[in-house]
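Following: one structure in structure tokens, then a few remarks.
The values are calculated or read from the model by the stated rules, or taken from the named source; none is laboratory data. None of these values were measured; they are calculated from a predicted model. Here the Cβ is made from the backbone with ideal geometry for all residues, glycine too, and neighbour counts use every protein chain on show. Heavy atoms of the whole protein, side chains included, go into the accessibility calculation; ligands, DNA and RNA do not. Shrake-Rupley method; radii C 1.70, N 1.55, O 1.52, S 1.80 Å.
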Amino acid sequence: MRNRLLKAGVFLLTFIAALFLFSYFMNRGATETTLEMTEASFPTLVAGIGGEEVNLCHGYAGKRGAETVRGAITPLKEDRSADILVYTYGADIAGITYEVRSLDGTRLIESTEIGDFVEEDGVIPLSIRLKDLIQAEKEYLLSLILREENGRELFYYMRVIQHSDSHTEELLRFVLDFCRDTFDKVAAKRLTTYLESDITGDNSTYAHVNIHSNFEQITWGNLNIKPPAAVYPEILEMDSNTSSFRLRYTLSEERGEDTVWYDVEEFYRVRYSRERIYLLSYEREMRQVFDPERKDSFANDKIILGITDSNVNLLENEDGKTVAFEQNGALYGYRNTDFRAVRIFSFFRDGDDDERNRYRGHGIRILQVNETGDAHFIVYGYMNRGRHEGEVGVSVYYYNSSLNQIEEEIFIPYRGSEDRLGCDVEKLAYSVGGTDLYLYLNDSVLHINLSNQTCDVMADKVSFDALSVSRSGRTAACLTADGTGILLMDFHTGELQEIRKGGGTKVRPLGFVGEDFVYGTAREEDAVTNRLGVSISPMNAVYIEDSGGNLLKSYEKEGIFITGASIRDGEITLMRGRKSGEGDALIAIEEDTIVNQNESRGDKNTVETVVTEGYEKIVEIDLLSHINTASVYIAEPEEVLFEGARELSLPETEETDPDLMTVYSRGRIEGIYRTAYEAVEAADKSSGTVLDNMRRYIWQKGNRALTRELTGIGEDKGEKSDSLAGVVDLILRYEGGAARSETLLSQGMTAMEILESEISGAHALNLAGCDLSSVLYYVSVGNPVIARAGEGKYVLIVGYDGQNTVILDPDEGKARKKGMNDSKELFASYGNEFVSYVKE
């Protein structure tokens, strides 16, 4: 017996020693520490306007490129000054400097150090007066640099402009009063003057409310909520006609012994007139903060998310017994085998009123979940707190369910904006086996090995619009380097395949239905650039192939061309057209569809919307199996840190496609587009703004006068036998240049090329496909529009009112009015071919 005990003891000691040595060698050079995320330490800035604090700014740990930053906009006073408040949160500020730059960052206009400042009760008030080096009615980027006693520099950004008649204070007071009155049904009666309640308003949910909702929806129905303790207003856009505002605040509701929290965001677009203020657009989004510790968060076979958006970011393991989901910028997990719920990652806590923690400059992408509850996920964007506070980048995390710990595997710093980073990561982020990560960043498709922290470029110079990714993320397609073929990438197998047709035919990726690939072909002989400068290269056929390269379906019709495609629920909608009589323009015809298959994911846990008595529609996760609510327990993980850097620097890549346009809406990027038609259409639907890569304003919703007629444009009847030369010369003379377009056109230049070469600072715009009401924006800002009005015939649009356009025909030599509907019909019959320009 004693020998057996002795042997057992020796075995046990040997086993423990082996474990110790194994742990030592595996973790050598990577000492482990477990702790909670550190608190936010950066100060914040706000601007003062009319006694209100606006445009809350969060600090960056490093200097950002001016061309990547687009903050809220602050109007300067008549003397070019702005009032700024610095909330220090205990930081010791030793110095403050501010810089003024052009929006594209190419010009430093001013750099000034603030000599004397005083902190009182944690606040440093500043009055910044810019030098007489800026132009009125022009936006600039203002950056403030705070230097702490320890030498750390923090960077803050906002746009500034000196407007003569923006009436910002009145408009700001209007939106704040509107918000306040929604919580008082008596005071809110005045709001009916501004509402446009009709059948288009959805009065079944508090999650989405807009100007078309009824009075009860606008005033929160019977919800037992308290008015917000603080409202954070931002000025998103402003011009001489309209301004856009965003308000953010948190609401609370006492529900029995628990407190329920809601994040709310409101968007306003308003116009000032001497008689009254007009509410042009109003939208409100309400998101309940999920709390796994609240008793009513689980019921039967459901996780109750409450009043929130029904598009839930959710991922499950193979048998559906474990799920992970994101709500309000936090990641949660639930394992049904033992009724375990966990808040895996969050910058904020329940009831947290620190705006630095609640700021939503980040997103979460769930990569993988397994049956034990382990998860791989990405946190991307602006980092509110923790070891990367104030940085922009991608953190790749692993959550170990058995240890209840999260570990950062890699951090990838990003030099662009958090908005653009979000677009790229949402485009492509796919993980294989927890060791291989595929990302789209910096116009490149990257393969990152998490084990050895290396990065390979699978495809570079891939523009945003040229990359298509399947819904699962497993397969992606982009144009080849020469632009004639397609590179098809299967990340699960690592296989690369090229698709080419040869014979001068180009192929274009259109998207995926499931994992089936949809692409089109464009023949060389069908491509043409007309004298106006409008290029067309339509597709003659569309093909669908499965993952094995087998042809499933094709679409081709004689004389009909495909200009684009959209894919939804297995149905492919084709935008089509026919060539004009001259063959240099496309005339839109009715759309057609191809039905391939139902794009079903086959999820075992589904997101459902149900109607309740007190809260209208709420959102639930309908689980595969029953929940024993009495046995649900909550786990709060800690983060494990290892010594040594886990930062991955990406390979240097060239930025591509300067012609891409970005649409901003409600303070965020709505989309990135190649053609002005696509960008303007998206901005029109979302009350947005279009900017190009040089930060020039291409188009703005609402920034259009009710009537406008340009003066100073000549009326030279019959000077030119070529109407295109006639309208271009009219523009050149209008801009103070020489009329010589007939010669330049005969030399092979297009009208767009002439405008750019002959008008200083002009950027010509191909507006083909835009509707008439959209192109009138350019007339409103002072730039005439060339329009095709017949075979070989061109006119200038030089004005408009509520019922008419004002058209200058060089053959007639004078401007005349034409009914708005007749104008729309005329221009549409010739392909809505428009050209205009913007200037520096």
Rounded accessible area per residue of the stretch 656-784, 1.4 Å, Å²:
41 Å²
Pairs from Lys461/Lys506; Lys701/Lys818; Lys189/Lys226; Lys685/Lys793; Lys701/Lys839; Lys189/Lys295 whose Cα-Cα separation, in the structure shown, is over 27 Å:
Lys685/Lys793; Lys189/Lys295
Other residues with Cβ under 14 Å from the Cβ of Gly50 give, with Lys and Arg +1 and Asp and Glu -1, a net charge of -4
Taking Cα centroids, how far is the stretch 214-259 from the stretch 509-528 in Å?
45 Å
Using a probe radius of 1.4 Å on heavy atoms only, what accessible surface per residue do you get for the stretch 388-444? Whole Å² is fine.
25 Å²
With Ser111 itself left out, Lys, Arg at +1 and Asp, Glu at -1 over residues whose Cβ is under 11 Å from its Cβ give -1
Can you tell me the order of 614-626, 446-458 when each peptide is scored by its average per-residue count of other Cβ atoms within 10 angstrom, highest first?
614-626, 446-458
Of the accessible area of the chain, computed with a 1.4 Å probe and all protein chains kept, carbon and sulfur make up a percent value of 46 percent
Let me check I've understood the local charge: for Ile536, count other residues with C-beta under 14 angstrom from its C-beta, Lys and Arg +1, Asp and Glu -1. What total comes out?
+3
Which helices count as membrane-span-like in the chain under these terms: full DSSP H, at least 20 Å along the axis by C-alpha, Kyte-Doolittle mean of 1.6 or more?
none
Leaving out same-chain residues fewer than 8 places away, which lysines sit with a Cα under 24 Å from that of Lys77?
Lys131, Lys138
So if I average 1/r over every pair of distinct C-alpha atoms in the chain and take the inverse, what Kirkwood radius in Å does that give?
30.0 Å
